[in-house]
1. For the subset of region 173-206 comprising residues that are touching a Gly at 6+ places or on another chain (Cβ under 7 Å) and closer than 22 Å to Asp8 by Cα, which member is most open to solvent (accessible area, probe 1.4 Å)?
2. Determine whether region 141-149 contains at least one residue that is within 11 Å of the ligand (Cβ to nearest atom), open to solvent by 60 Å² or more (accessible area, probe 1.4 Å) and at pLDDT below 95.
3. Condition first: part of a loop (DSSP other than H, G, I, E, B), among the β-branched types (Val, Ile, Thr) and within 15 Å of the ligand (Cβ to nearest atom). Can you find one or more residues in region 125-132 that meet it?
4. Please work out if Thr215 is within 20 Å of Pro40 (Cα to Cα) and among the polar types (S, T, N, Q).
5. Is it fair to say Gly33 is more than 27 Å from Gly158 (Cβ to Cβ), within 15 Å of the ligand (Cβ to nearest atom), open to solvent by less than 20 Å² (accessible area, probe 1.4 Å) and at pLDDT 95 or above?
6. Take the residues in region 1-30 that are closer than 16 Å to Ile106 by Cα and hydroxyl-bearing (Ser, Thr, Tyr); name whichever of them is least open to solvent (accessible area, probe 1.4 Å).
7. Failed condition for Ala94, given (1) of a type in the set (Gly, Ala, Ser); (2) in contact (Cβ under 8 Å) with a residue 12 or more places away in the chain; (3) open to solvent by 20 Å² or more (accessible area, probe 1.4 Å), with all others met?
8. List the residue pairs whose Cβ atoms are under 8 Å apart, where the first residue sits in region 49-62 and is under 15 Å from Gln18 (Cα atoms), the second is β-branched (Val, Ile, Thr) and surrounded by 13 or more Cβ atoms within 10 Å (Cβ to Cβ), and the two are 6 or more positions apart or on different chains.
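The values are calculated or read from the model by the stated rules, or taken from the named source; none is laboratory data. Predicted model only: the values in this text are computed from it and were never measured. Counting neighbours? That spans all protein chains shown, and the Cβs are built from the backbone with ideal geometry, glycine included. Surface areas here come from the heavy atoms of the whole protein model, side chains and all, with no ligands, DNA or RNA. Shrake-Rupley method; radii C 1.70, N 1.55, O 1.52, S 1.80 Å.
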Amino acid sequence: MEVVIKRDYGLMSKAAAQLVVDVLNTKPNAVLGMATGSTPLGLYQELVRLHQAGQVDFSRVTTFNLDEYVGLSANHPQSYHYFMHEQWYERRIAECGGIDLQILGIGSDGHIAFNEPGSSLSSRTRLKTLSKQTIDDNARFFERREDVPVYAITMGVGTILDARKLVLVASGKTKAKAIAQAVEGPVTSMVTASALQLHRDASVIVDEQAAAGLTMRDYYEFIYAAKPAAPKA
Ligand code: F6R
């Protein structure tokens, strides 16, 4: 796992955007997995800027969303429709040749996508019940806490690990504990982001505040600084 620490949110976003651009330069028809939430907004804004400057072209790109809230009425979670939808989603990803780059955020409870604590590390796209912590955290996007959906359809941890490359972005002190557990703690379904340790090409890009709990910081910075001169594998 590569750990990149940037001074602030803007630089974190630029570094993550550069990673997307590098993938598209190598493969203009890449399949991208996109996270929502507040953290990747700067990264997406930077991609828009680069697109407007003519430095990146998305015309041949396919995207898949990482997860989606489930409405509680017509789309009842137990319905056959939802079951079919989950099956269909995994099949579509496979038909598109798999995800080349998956963008991820991290929840303060250590989740990736909506794989809450206890999610199997080999799980596939499915319905999940959100944790109380996630409902509290995401209440800021809704008028009232009661409006936050309780269910979501989410790629599984196993689905995410199938992507060829992963980039996780995290910013702010509320993410420091989750980042420390994910990067330096044991691999555990209690912190599903720790599954990134099992992936052969995962980058974690954080700002100073989100990096605050990392004990090996000096080493990560040393590796990153030495990267341009590293012999090509
Ligand atoms: C969003 C997602 C979630 C968020 C996480 C952090 O598609 O899958 O895992 O990435 O909850 O959200 P923010 O960035 O809003 O703190």
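1. Once the filter is applied, the top-ranked residue is Lys177.
2. Initially, region 141-149 is screened for residues within 11 Å of the ligand (Cβ to nearest atom), giving 141.
Filter once more, keeping what is open to solvent by 60 Å² or more (accessible area, probe 1.4 Å): 141.
This time we only want the ones that are at pLDDT below 95, so: 141.
Taking every residue of region 141-149 in turn, at least one turns out to be within 11 Å of the ligand (Cβ to nearest atom), open to solvent by 60 Å² or more (accessible area, probe 1.4 Å) and at pLDDT below 95.
3. Going through region 125-132, the residues part of a loop (DSSP other than H, G, I, E, B) turn out to be 125, 130-131.
Add one more test, that the residue is among the β-branched types (Val, Ile, Thr), and what stays is 125.
Then keep just the ones that are within 15 Å of the ligand (Cβ to nearest atom); that gives 125.
Yes, region 125-132 contains a residue that is part of a loop (DSSP other than H, G, I, E, B), among the β-branched types (Val, Ile, Thr) and within 15 Å of the ligand (Cβ to nearest atom).
4. Numbers: within 20 Å of Pro40 (Cα to Cα): no; among the polar types (S, T, N, Q): yes.
Here the answer is no, as Thr215 does not meet what is asked.
5. Details: more than 27 Å from Gly158 (Cβ to Cβ): no; within 15 Å of the ligand (Cβ to nearest atom): yes; open to solvent by less than 20 Å² (accessible area, probe 1.4 Å): yes; at pLDDT 95 or above: yes.
The answer is no for Gly33.
6. Ser13
7. Condition not satisfied by Ala94: (2).
8. Leu50/Val21; Leu50/Val56; Gln55/Val21; Val56/Val20; Val56/Val21
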